[in-house]
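Worksheet: one structure, shown below.
What follows draws every value from the coordinates through simple rules; no lab data is involved. Predicted model, so just to flag it, every value in this text is computed and none were measured. Using ideal geometry, Cβ is built from the backbone for each residue, glycine included, and neighbour counts are taken over all protein chains shown.
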Amino acid sequence: MSQPKISVVITVYNEEENIQPLLAQTYAALETIDYEIILVEDGSTDATVAEVKKYANERTKLIIFNKNYGQTTALAAGIDKAKGEYIATMDGDLQNDPTDIPAMLEKAEAEEWDVVAGRRAKRKDGFVLRKFPSKIANWVIRNTTKVYLNDYGCTLRVYKAEIAQNMGLYGELHRFIPVLAKQQGAKMTEVDVKHHPRIHGTSKYGLSRTFKVLADLILMLFFQKYFQRPIHLFGGLGLISFFLGALINVYLLILKIFGEDIWGRPIMILGFILILGGIQLITTGIIAEIIVRTYFESQQKKTYTIRSVFEGEKQELTINN
């Protein structure tokens, strides 16, 4: 089988009523493109698997998990199996529209974008539980990571395969895929895409995910700034803590020399805590540096990504007298 132009990865979880229209719409949208569809069934407890098997065509693959792992893991599994030159991702709840994929693919090819991200211009979700928290999360992520996209929650995106397959998805980092792609030097843009209200099934999201997003954001900021140099974070904080503690203890020593009683003062306890904390942070930074070096060297990974290599052809030089 030749390499398809695009692999469409769709994550599904308890979407039995959506499978038939989802596949029908996707087949129709991609009929003029050499494609494959990879559905990742994330441990559904309904008849989702049976429905996929019933309506799948010869270009459709189904990956079945033995339990629910979450959207990030499902996306990672589908991307790993993808064979296409480009990879598109979308949800299986019929809120994303597959008719947007051809235009996004065309834009990626014509303008040489590594990532074309969807932006839900007319989002069909409730304001209080979905739109408002999403707006806050998008603003926070955009202004802390400096990756300026408007809609981090839209799963509908088109990637060059080499970008998608080297992002290192795990945990619940699917919300930060643009940040992971940017760390590889990806050129990305946003386009408006259609968005539909959910008709069948129930949403898997709620306000409880806000705290998960904040925790993952801290991890992303660390990856973005200090992944290859953790000693700059831990060592810097450690040195500040150590010298503040040392300064306090020198001050107390001077007071003691002049005959004042310093025993039991809270500032003395603070000084010792700062010194010990500084030593621990510096030690943590050294250990983190060793782990990072082991990560890259044991797997022969590079700390850089080469976009392309150009080699000039040999030319005959003519010397004019």
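So I have (1) 23.0; (2) 21.7; (3) 19.8, and one of them is Kirkwood radius over Cα pairs in Å calculated from this model. Which one is it?
Comparing each candidate, only (1) matches the computed number.
Before rounding to the nearest 500, sum -39500 (n - 2.57) across all DSSP H runs of length at least 4 in the chain and divide by the residue total; then give [θ] at 222 nm in deg cm²/dmol.
Theoretical 222 nm ellipticity from helices: -14500 deg cm²/dmol.
Given the Cα-Cα distance of Lys83 and Thr99 and 0.36 nm per residue of separation, how much length would full extension add, in nm? Walk me through the numbers before you get to the answer.
Numbers: separation 16, 0.36 × 16 = 5.76 nm, distance 2.09 nm.
Length gained, Lys83 through Thr99: 3.7 nm.
Using a Förster distance of 25 angstrom, determine the FRET efficiency expected from the C-beta separation of Ile136 and Phe243, and round it to 0.05.
Given R0 = 25 Å and the Cβ-Cβ separation, E is 0.10.
Going down the list Lys5/Lys67; Lys83/Lys146; Lys54/Lys187; Lys5/Lys54, which pairs span over 28 Å between their C-alpha atoms? Write out the running numbers ahead of the final one.
On the way: Lys5/Lys67 31 Å; Lys83/Lys146 31 Å; Lys54/Lys187 39 Å; Lys5/Lys54 25 Å.
With Cα atoms farther than 28 Å apart: Lys5/Lys67; Lys83/Lys146; Lys54/Lys187.
Highest mean first, how do 148-159, 104-115 rank when packing is the count of other Cβ atoms within 10 Å averaged over residues? Show your work: numbers first, answer last.
Working: 148-159: 22.0, 104-115: 16.8.
The densest-packed peptide leads the list: 148-159, 104-115.
If the chain between Ile257 and Thr45 were fully stretched, how many nm would it gain, using 0.36 nm times the residue separation less the Cα-Cα distance?
Between Ile257 and Thr45, full extension yields 68.9 nm more.
Name the most mobile residue of Gly235, Gly92, Gly264, meaning the one with the largest mean-square fluctuation, in a Gaussian network model of the chain with Cα contacts below 10 Å.
Comparing Gly235, Gly92, Gly264 in a Gaussian network model of the chain, the most mobile one is Gly264.
Where Lys and Arg each count +1 and Asp and Glu each count -1, what net charge lies around Asp100 among other residues with Cβ under 10 Å from its Cβ? Please list the in-between numbers first.
Values: positive: Lys194; negative: Asp97, Asp192.
Around Asp100, the surrounding residues sum to -1.
Quick query: amide H of Ile64 versus all other amide H atoms, modeled in the peptide plane; which residues come in under 5 Å with a sequence gap of 5 or more or a different chain?
Those qualifying (amide H under 5 Å, at least 5 residues apart or on another chain) are Glu41.
Please report the relative contact order for the chain, taking Cα pairs under 8 Å with a sequence separation of at least 6, and give it as a percent rounded to a whole number. Display every interim value, and only then the final one.
Numbers: 486 pairs, mean separation 52.5, N = 321.
16 percent.
For the chain, return all DSSP H helices satisfying: extent of Cα atoms along own axis at least 18 Å; mean Kyte-Doolittle hydropathy at least -1.0.
Helices meeting the criterion: 132-145, 209-226, 230-257, 266-298.
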